[in-house]
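See structure below.
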Amino acid sequence: MELCKKTIYELNELLKRREISCVDITKSFLERIKEHDSSINAYITVCEEKALLQAKEADNKLKEGKITHLTGIPIGVKDNYLTRDILTTCASKILSNYVPPYNATVVDKIFDAGGVVIGKTNLDEFAMGSSNESSYYGAVKNPWDLARTPGGSSGGSGAAVASCEAVAALGTDTGGSVRLPASFCNVTSLKPTYGRVSRFGIVAYASSLDQVGPIGRDVRDLAILSKYIFGYDPLDSTSIRADIPDYLENLPKDPSEIKGMKIGIPKEYFFKDGIDPDVLDSLSFARDIFVDMGCEVSDVSLPHTEYAIATYYIIATAEASSNLARYDGIRFGYRTENHDDLAELYMNSRKEGFGEEVKRRIMLGTYVLSAGYYDAYYAKAQRVRTLIKEDFDRVFSTYDLILVPTSPTTAFKLGERVDDPLKMYLSDIFTISVNLAGIPSLALPCGFSKSNLPIGMQLLGSYLSEAKLFQAGHAFQLATDFHKYLPPLNKKGDKG
Amino acid sequence: MINVNDVKYIAKLARLEFGEDELINFTHKFNEILKYVEKLNEVDTENVEATSHVVPITNVVRKDESLKRWSESKILEMAPESNDNFFIVPKVLS
């Protein structure tokens, strides 16, 4: 049986019944990676030896009767998560030789639960991008159409799960970076409430927006993963103390169990001009499904939506310019050979080490924080951020969830937007407000376009409402089967 | 609208540098983005407080105790240039 096509839940059942071993599972995924990754490029580093050792250890734990849901489960980890003794590059030349001395907290949690880290997945450089085209290690290809992007910045993570090169993957989401790949690659992902998951050991892009995001085959697998990765961490001063319900236990057994949930549809996310008609059709279909399941669906308004992108690109870049100041060629990472003095060492290490998009965002951030411009841009953006957050607070005072598309289009072609940064930034139009407000969002498949490209939707909830998101999302996945489709990859990795 | 000299100045602040050929293209794209973010001027933020942080927690502190986690040699492993317990850098004071 093709183990690499199974979910965490299914693999766990097989392990419990002793029908397979953890080593069998890891071998299946390693085989799959060997078959397809040369055409997808989802991985920067494949940890073959370490993964097999971890799998053997997991089998030993199994023999002792110690099993968790993650025992023996191969997970891909985005290459901006620090992994001890494993190359961690952030898809940048400036860290192309960096081997961390410690694990990110979340990575430790995966290991403690008996999970296997099968490899480090590709991303847009320093997580800055919406298409995974800015990686120093080359673009990731969408398994559904190798001439198209998988979305970004966690494109490697999304593509790995979509092509069964990992059962699940961890990414990061600052402006939509796990949700856009979920939409483009037909997988399910979550951006948790800000503070739910420790950011310790995860390379910072924009500290008030970054959040760990799990990506998986379905909502049930994300409910499982969340149990293990959520939690307060004293090493992350922005991490919150909050109850973690048993998400798996709380999932509905029948779609009708979510009857009565109130779902808002914000008119600002459903304009005719600029959204693919196939996307509008799929969202309309999804709305009908929720109505059939007994939910109360009605129109709402989030009036400051149109200002979200501008707000984000001021705040995120400002924070990024500060966070990326540490890459200076002094203590770690790439150091230039062209320098006569310290100033040149800094300048040339960064000039030679960073890619164009990273430089652009550092420059934008530096500008908006510079003397004379701080009030006009950064302080202003922080105030608009409050208004965006208040829009959501107002809707959630009477609604359980909000339903929106993830992207105005299906996966665009490689190269289509690289020369137009502003156009690229507008890809995030439906995902970005969520990070500004800090609320959780579940992204899941809701259809296919006429040319067989995946379409995704998001369920948004109020602060700490992941249980409701999982319930509604799982109910949707009981009533539909979009999430079960796999891309048509044949043995050689070409489009079937 | 900012010009090529403004871009050179910002680059200096950010410890970056652009080649002459890159500068014009970069300045052009930069201006497009700046023009777009001017949009925020349409929003009335008169009595609105700034949100710097979405989570309702403040001033997270811990005891001022050393949590020595790694040896000096471990930390220096990734240094581009090192000697003994020191990172080697070009002369700072001339």
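Where the Cα atoms of segment A:31-103 are projected onto their three principal axes, how long is each span, largest first, in whole Å?
Computed over the Cα atoms, the extents are 44, 31, 19 Å.
Treating cross-link reach as a plain straight distance, find the lysines whose alpha-carbon is under 22 Å from the alpha-carbon of residue B:35, omitting any fewer than eight places away in the same chain.
A:359, A:380, A:423, B:8
Enter the mean projected area of the convex hull around the alpha-carbon atoms of chain B, in nm², rounded to one decimal.
One quarter of the hull surface, i.e. the mean projection, equals 13.0 nm².
Considering only protein heavy atoms, with the full assembly of protein chains and a 1.4 angstrom probe, order A:282, A:322 by accessible area, largest first.
So, going from the largest accessible area down, we get A:322, A:282.
If each residue of separation counts as 0.36 nm, what is the full-extension length gain between residue A:413 and residue A:66 once their alpha-carbon separation is subtracted?
Length gained, residue A:413 through residue A:66: 120.3 nm.
What angle, in degrees between 0 and 90 and rounded to the nearest 10, separates the Cα long axis of helix B:4-13 from the longest principal axis of the Cα atoms of chain B?
30
Give me the accessible area per residue for chain A, probe 1.4 Å, as a whole number in Å².
Here the residues of chain A average 33 Å² of exposed surface.
Using 1/(1 + (r/R0)^6) with R0 = 30 angstrom and r between the beta carbons of residue B:4 and residue A:273, what's the FRET efficiency to the nearest 0.05?
Once rounded, the FRET efficiency stands at 0.25.
Run the 1.4 Å probe and let me know the accessible area of residue A:291, rounded to the nearest 10 Å².
Using a 1.4 Å probe on the heavy atoms, I get roughly 70 Å².
Determine the order of A:261, A:457 by accessible area, beginning with the largest, at a probe radius of 1.4 Å.
Descending order: A:261, A:457.
Can you tell me the Rg and the Dmax, both Å, for the Cα atoms in segment A:304-374?
That works out to 14.4, 50 Å for Rg and Dmax.
What FRET efficiency comes out for the pair residue A:301/residue A:486, r = Cβ-Cβ distance, R0 = 45 Å, nearest 0.05?
E(calc), rounded to 0.05, equals 0.75.
With just the Cα atoms defining each centre, how far is segment A:422-454 from segment A:88-113? Give it in Å.
27
What number, rounded to the nearest 500 deg cm²/dmol, is the helix-based mean residue ellipticity at 222 nm of chain A, given -39500 (n - 2.57) per DSSP H run of at least four residues and division by all its residues?
Counting only the DSSP helices, I get -11000 deg cm²/dmol.
Which value, in Å² rounded to 10, gives the accessible area of residue A:463 with a 1.4 Å probe and all protein chains present?
Approximately 70 Å² of residue A:463 is accessible to the 1.4 Å probe.
Helix B:20-37 versus the longest principal axis of chain B: what is the Cα-based angle in degrees, 0 to 90, to the nearest 10?
Compared with the principal axis, the helix lies near 70 degrees.
To the nearest 0.05, how large is the calculated FRET efficiency for residue A:352 and residue B:70 if R₀ is 22 Å and r is the Cβ-Cβ distance?
0.20
If ligands, DNA and RNA are left out, what is the accessible area of residue A:146 with a 1.4 Å probe, given in Å² to the nearest 10?
Accessible area of residue A:146: about 40 Å².
Say the cut-off is 30 Å between C-alpha atoms; which of B:12/B:68; A:109/A:259; A:6/A:50; A:267/A:413; A:5/A:272 go over it?
In this structure, B:12/B:68; A:109/A:259; A:5/A:272 exceed 30 Å between Cα atoms.
Using only the heavy atoms of the protein chains and a 1.4 Å probe, how would B:18, A:271 rank by accessible area, largest first?
Result of the area sort, largest leading: A:271, B:18.
Can you pull out the trypsin sites (Lys or Arg not before Pro) in segment B:52-90 whose DSSP state is coil and whose Cβ has at most 16 other Cβ atoms within 10 Å?
Sparse-neighbourhood loop trypsin sites (Lys or Arg not before Pro): B:62, B:63, B:68, B:69.
If I model a spin label at residue A:207 and residue B:42 as a point 7 Å from the Cα along the Cα→Cβ vector, what separation in nanometres do I get?
Going from the residue A:207 label point to the residue B:42 one covers 3.3 nm.
Of all accessible surface on segment B:43-94 at a 1.4 Å probe, what whole percent is carbon and sulfur?
Of all accessible area on segment B:43-94, carbon and sulfur atoms account for 48 percent.
Beyond 39 Å, what share of the Cα-Cα pairs of chain A remains, rounded to the nearest whole percent?
In whole percent, the share of Cα-Cα pairs in chain A beyond 39 Å is 17.
The values are calculated or read from the model by the stated rules, or taken from the named source; none is laboratory data. Nothing here was measured: the structure is a model prediction, and the numbers come from that model. For neighbour counting, all protein chains shown are included, and Cβ atoms are generated from backbone atoms with ideal geometry for every residue, glycine included. To get the accessible areas, we keep the full protein, side chains included, count just its heavy atoms, and leave off ligands, DNA and RNA. Shrake-Rupley method; radii C 1.70, N 1.55, O 1.52, S 1.80 Å.
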